[in-house]
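Visitor: Please see the structure below; I have some questions.
The values are calculated or read from the model by the stated rules, or taken from the named source; none is laboratory data. The structure presented is a predicted model; accordingly, all values stated were derived computationally and were not measured. Glycine gets a Cβ as well: all are built from the backbone with ideal geometry, and neighbour counts include every protein chain shown. The area values use the complete protein model at the heavy-atom level, side chains included, leaving out ligands, DNA and RNA. Shrake-Rupley method; radii C 1.70, N 1.55, O 1.52, S 1.80 Å.
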Amino acid sequence: MNLHDSEKMLGVLQKEGYCETDNPLRADLIIFNTCSIRQKAEQKFYSELGRMKEYKKRKPGLKIAVAGCIAQQEGKNIFKKAPHIDFIFGPQNIHFLTDLVSGRITPVAVNDNPDIALRDLPVKREDGIKAWITIMYGCNNFCSYCIVPYTRGRERSRPSENIYAEVSALAENGYKEITLLGQNVNSYKSDIDFPGLLKKLNGIGGIERIRFVTSHPKDLSDGLIHAISELPKICEHIHLPIQSGSSKILNLMNRGYTCDDYMKKVSELRKKIPDLSITSDIIAGFPGETDDDHMLTIKVLKEIEFDGIFAFKFSPRSRTKAAEMQNQVPENIKSVRLHEILQLQDEITVIKNKHLEGTVQEILIEGNSETDSEKLTGRARSNKIVNIPMADIEKGKSVKVEITKGRKHSLEGIPVKE
Ligand code: SAM
Ligand code: SF4
């Protein structure tokens with residue numbers, strides 16, 4: 001979502017005549033688009049920000065801005081920590097960027113923007129084949145650990161006509177794959193609901209693949225399961241964060257489902273879409289998590305066998321309920337639990353990927369592999385990375401590939417004749 005916000009900032013600035021540079025020493029404007037989901041991201045930002053003083057000394061006309069969720073959270077307090085900053089704007093205020101750069105408005109834009117879903121911004125995309133599209137902003141869920149509802153505001157869905165027009169324009173420009181973005185896409189609601197939106201977008205010629213992130217287990221409806229199984233362009237992959245295998249912890253997290261509810265949704269999904277790839281998020285060491293709770297998470301990982309997970313140590317975020325909870329888990333225990341979770345998942349991922357050896361998968365070619373100059377890379381519909389021997393195949397082409405090797409982070413394969 002942050003990367004896509006950066007594409008919007010680039011889109012707005014391009015209209016003003018700005019272009020991008022890889023070299024910060026040449027820049028007239030540097031924007032930090034920050035994330036505050038965990039403390040580590042915040043720390044990284046503040047250490048980078050300190051270095052900017054030197055840049056400003058070298059080039060006094062340089063403007064430095066802070067955007068994203070730290071900007072939203074801290075507002076003008078950032079000026080106290082870093083007086084060399086020129087302006088600050090939150091994720092709901094990207095439309096003010098031009099006015100902020102030119103100094104036409106005061107240098108702090110962090111107000112709630114109720115019209116965000118109605119005001120479309122220009123987007124500068126690099127890829128040419130795959131594109132992100134925001135379908136909704138904000139979040140209403142208030143999971144007890146999460147800063148997002150405080151930084152990105154209330155849930156607001158874009159009108160389906162606007163999304164349809166954006167995707168149609170992308171298709172006309174040769175894009176093949178779209179990923180619909182929202183904190184909880186299942187609760188998309190404008191003139192139509194989320195399965196209705198998928199159906200509408202599935203009809204756009206030229207687009208071959210449709211993905212979406214993130215799905216919330218409590219809102220995963222039969223209608224959505226049906227849409228994934230019936231609509232040919234919807235890829236067989238769902239990112240469905242479970243967060244914990246303990247229903248006690250899920251309740252403390254305010255997730256709105258039990259572990260049992262989650263398992264039932266997974267079995268329903270697998271029944272209707274047998275080759276579905278399922279990935280998830282886990283938080284290790286949430287306040288009050290005992291060894292037994294942790295073991296329930298280990299158990300659920302073994303039972304479900306996700307294709308992959310993102311796992312994080314619980315990070316207390318100010319304003320959230322979980323930050324104030326008693327029984328915070330010591331850092332060393334969080335680290336041990338995270339390590340166990342990641343190690344187990346690595347083993348599961350390798351086994352699952354090895355099972356794919358000998359199968360034929362449709363790969364959308366993304367270009368040369370960054371790690372191996374002898375290979376082309378692309379993704380299967382499951383979202384798994386697949387590398388194939390270098391061949392004269394254009395970026396954006398779909399090819400059928402037989403999987404020859406399943407590894408931890410990717411698959412190897414060879415194209416098959418059709
Ligand atoms: N809206 C999505 C959802 O509910 O699944 C995900 C949003 S969040 C940006 C991505 C992931 O970050 C979450 O699924 C959660 O696992 C993790 N996360 C959020 N807040 C966290 C915190 N305070 N500490 C550790 N991990 C956190
Ligand atoms: Fe955060 Fe929960 Fe909203 Fe996801 S659903 S963004 S974890 S509050």
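Visitor: Would it be correct to say that residue 147 is away from ligand 1 (no atom under 11 Å from the Cβ), of a type in the set (A, V, I, L, M, F, W, C) and at pLDDT 95 or above?
Guide: No; evaluated as a whole, the condition is false for this residue.
Visitor: From the set of residues in the stretch 169-189 that are in contact (Cβ under 8 Å) with a residue 60 or more places away in the chain and more than 16 Å from ligand 1 (Cβ to nearest atom), which is farthest from residue 225 (Cα to Cα)?
Guide: Result: 174.
Visitor: A further question follows. Out of (1) away from ligand 1 (no atom under 15 Å from the Cβ); (2) out of contact with any Lys or Arg (no Cβ under 8 Å at 6 or more places or on another chain); (3) within 30 Å of residue 253 (Cβ to Cβ); (4) not charged (D, E, K, R), the odd one out for residue 114 is which?
Guide: (2)
Visitor: Within the stretch 332-418, which strands (runs of 3 or more DSSP E) (wholly inside it) include 3 or more residues that are in contact (Cβ under 8 Å) with a residue 40 or more places away in the chain and either in contact with a Cys (Cβ under 7 Å, 6 or more places away or on another chain) or of a type in the set (D, E, K, R) (or both)?
Guide: Strands (runs of 3 or more DSSP E) meeting the threshold: 398-406.
Visitor: Among (1) without any contact (Cβ under 8 Å) to a residue 40 or more places away in the chain; (2) open to solvent by less than 10 Å² (accessible area, probe 1.4 Å); (3) polar (S, T, N, Q), which single condition is residue 280 missing?
Guide: Evaluating residue 280 over (1) without any contact (Cβ under 8 Å) to a residue 40 or more places away in the chain; (2) open to solvent by less than 10 Å² (accessible area, probe 1.4 Å); (3) polar (S, T, N, Q) leaves (1) as the failure.
Visitor: Say whether the condition of being at pLDDT 95 or above, under 30 Å from residue 141 (Cβ atoms), among the basic types (Lys, Arg) and over 23 Å from the mean Cα position of the chain (by Cα) is met by at least one residue in the stretch 328-346.
Guide: yes
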